[in-house]
Amino acid sequence: MEPGRCVSVLVCVLLALTTAMAADTECSLMNNTSCDKCLQNVKCLWCNTDSKCVEYPVKNVLPPSSLCKLRDARWGVCWVNFEAMIITMSVIGGSLILGLVICCCCCCRKKKPRNTSQEDEREIREKEHRRARQEERRTEMKSRHDEIRKKYGLFKEDNPYNKFEN
């Protein structure tokens, strides 16, 4: 490895270490000041009970109660306590997830759009075909019934009063 490259890597590592240490000292320097000054640095957490500015414990998701109680902890903004922020974010997140699930269910249940003109034409053709078959059956049945009536002499003539003359 080149000596220039080693020096630049070493400088980067030293800068990272001093920044990490400076964050802790920066936060502790803001003790007994104001919440606004403390929270100018995103790595800091303000505790209202003892007006203490401490580094946010990034290893834990929530700050432990030994450091500061949730109702007294402020992070990001001074006017919302950590407890209210967590509840609000949970409700908003749950609502978004629920809305997304409902939307997905509704979209998945919808039928795919169909090509109506082709389907309508096909339905009309099938309907005409059924009607034609029904007419064929009707004429066939009528001819059979007429044959049976002729065979037994019950064929209806045009004159309905013909029966009474005999």
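Out of curiosity, is ALA132 within 20 Å of ASP36 (Cα to Cα) and either exposed (fewer than 10 other Cβ atoms within 10 Å of the Cβ) or of a type in the set (Gly, Ala, Ser) (or both)? I'd like the intermediate steps shown before the answer.
Values: within 20 Å of ASP36 (Cα to Cα): no; either exposed (fewer than 10 other Cβ atoms within 10 Å of the Cβ) or of a type in the set (Gly, Ala, Ser) (or both): yes.
In short, no.
A count restricted to the range 67-118 and to residues that are at pLDDT 85 or above and among the hydroxyl-bearing types (Ser, Thr, Tyr) stands at 3.
Within the range 77-99, how many residues turn out to be assigned to a helix (DSSP H, G or I) and either closer than 17 Å to ASP50 by Cα or touching a His at 6+ places or on another chain (Cβ under 6 Å) (or both)?
In the first step, residues of the range 77-99 are kept if they are assigned to a helix (DSSP H, G or I); the result is 82-99.
Okay, now just the ones that are also either closer than 17 Å to ASP50 by Cα or touching a His at 6+ places or on another chain (Cβ under 6 Å) (or both), so 82.
Adding up the residues that qualify gives 1.
When LEU98 is tested against (1) surrounded by 11 or more Cβ atoms within 10 Å (Cβ to Cβ); (2) without any contact (Cβ under 8 Å) to a residue 24 or more places away in the chain; (3) not polar (S, T, N, Q), exactly one condition is not met: (1). Within the range 60-76, the residues that satisfy the criterion of being in a loop (DSSP other than H, G, I, E, B) and either in contact (Cβ under 8 Å) with a residue 60 or more places away in the chain or touching a Cys at 6+ places or on another chain (Cβ under 9 Å) (or both) are PRO63, LEU67, CYS68, LYS69, ASP72, TRP75. Would you call THR139 at pLDDT below 85 and either β-branched (Val, Ile, Thr) or in contact with a helix residue (DSSP H, G or I) (Cβ under 9 Å, 6 or more places away or on another chain) (or both)? In short, no.
The values are calculated or read from the model by the stated rules, or taken from the named source; none is laboratory data. Quick caveat, the model's predicted, so the values are computed rather than measured. Cβ sites come from the backbone with ideal geometry, for glycine too, and all protein chains shown count toward neighbours.
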